[in-house]
Amino acid sequence: MQPTIHILTLVAVISSMVAAVPIQVHLDPKVQQLGPVPHYALNIDGSIKVSGRIISEEYVQITGLATEGSECTASGLVGQDGGGKLLTCQMGIWLYPKIKTEVKEHSEIGYRFPNASVSCGPYQRVIGGGGSCHQTGGFIWVTASKPFQNGWRVECDGGQKDEWGTAKVWAICGY
């Protein structure tokens, strides 16, 4: 037997007129009981508006289906496609989440062993990068091209030629 509680919810108060809409709340007892307190699943037919955060100590299941590119009613809604991938309503259109990227570049001139590094911004994370070395009068090679702090670094070796060279580095920053 499933207990049903009928609750009258206030919708609007205009002058001396009050409008209210009844909603139904169904409490379904779970099979497991932790200690003396029974746990219930709460099913509400309608909408819930919470002025604070909703916190789940397990999973949140989104059952609303959405199709990328189709219209939606309010920015911030979350739905899923038929395969379970999440979509969000952004400016009236359902879209898959995307990473925005920016490429940052920097060059340094150095004698025989030039090196250069570049950093991503404070709200960005390095997701890739690379570097190159150039020397006009001889051979130069990359000895290291690697992530460095929250950016990228390139290190060069000009070999036996004692000449100036250029190290160019780029970082792909995501946000």
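Here are the numbers for this structure:
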read-out: Flag if VAL103 is outside any loop (DSSP other than H, G, I, E, B) and modelled with pLDDT under 85; value: no
read-out: Inter-residue pairs, beta-carbon under 6 Å, first under 21 Å from ARG125 (Cβ atoms) and in region 90-101, second surrounded by 11 or more Cβ atoms within 10 Å (Cβ to Cβ) and among the aromatic types (Phe, Trp, Tyr), 6+ apart; value: LYS100/TYR175
read-out: Unique match (being of a type in the set (A, V, I, L, M, F, W, C) and at pLDDT 95 or above) among ALA41, ALA66, ALA74; value: ALA66
read-out: Filter result (outside any strand (DSSP E or B) and among the small types (Gly, Ala, Ser)) within region 73-96; value: ALA74, SER75, GLY76, GLY82, GLY83, GLY84, GLY92
read-out: Qualifying residue in region 104-125 (condition: more than 30 Å from GLN160 (Cβ to Cβ), touching a strand residue (DSSP E or B) at 6+ places or on another chain (Cβ under 6 Å), in contact (Cβ under 8 Å) with a residue 60 or more places away in the chain and surrounded by 12 or more Cβ atoms within 10 Å (Cβ to Cβ)); value: yes
read-out: So ASP157, is it in contact (Cβ under 8 Å) with a residue 12 or more places away in the chain, under 30 Å from GLN61 (Cβ atoms) and more than 15 Å from the chain's Cα centre (by Cα); value: no
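The values are calculated or read from the model by the stated rules, or taken from the named source; none is laboratory data. No experiment lies behind these values; they were computed from the predicted model shown. Cβ atoms come from the backbone with ideal geometry, glycine included; neighbour counts cover every protein chain shown.
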